[in-house]
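Enquirer: Structure provided below as structure tokens; questions to follow.
Coordinate-derived values only; no laboratory data. Remember, predicted model here, so these are calculated numbers, not experimental data. Backbone-built Cβ (ideal geometry, glycine too); neighbour counts: all protein chains shown.
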Amino acid sequence: MLFLVAGRRVQITSPLFNRISFRWKMASPKMKLTEEDRSTKVSPLLNAGWSMLENRDAIYKEFLFKNFNEAFGFMSRISMQAEKMDHHPEWFNVYNKVQITLSSHDVSGLSDRDVRLANFIEKAFEPFKVK
């Protein structure tokens, strides 16, 4: 059961209320990236294989794996981080391929949350890269 206490979500995890856990939202201003932010924060992602979508303010990348298990494990790791950030990717998976699009719907474009999640995704993909 979730309650709002002093601006924080508090989760009661037992019927006896003997354990309370705080879930802190990752603080991030909800605004589009500035041109300066794009050149400093998005450029490294573009160099890592992400691309800007032509029809909307979003970044996209396709990841290939040896098999479905690797692809699904990768998605599972990202899903846990996305939940912590309260920021979820748009993605598509078929067998060993995962396609990811990042954009912040609440600001109708790229935000710092997209950059942070993309950087996490890049780190999560490291073990799967062909050496």
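Enquirer: With the Cα gyration tensor of the range 53-131 in hand, convert its eigenvalues to equivalent ellipsoid semi-axes via √(5λ) and list them largest first in whole Å. Let's see the in-between values first.
Expert: Details: eigenvalues 95, 37, 24 Å².
In descending order, the three semi-axes are 22, 14, 11 Å.
Enquirer: Where the only charges are on Cβ atoms (+1 Lys, Arg; -1 Asp, Glu), what is the dipole of the range 38-131 about its Cα centre, to the nearest 20 debye?
Expert: Numbers: 13 positive and 12 negative charges, 77 e Å.
Dipole about the Cα centre, nearest 20: 380 debye.
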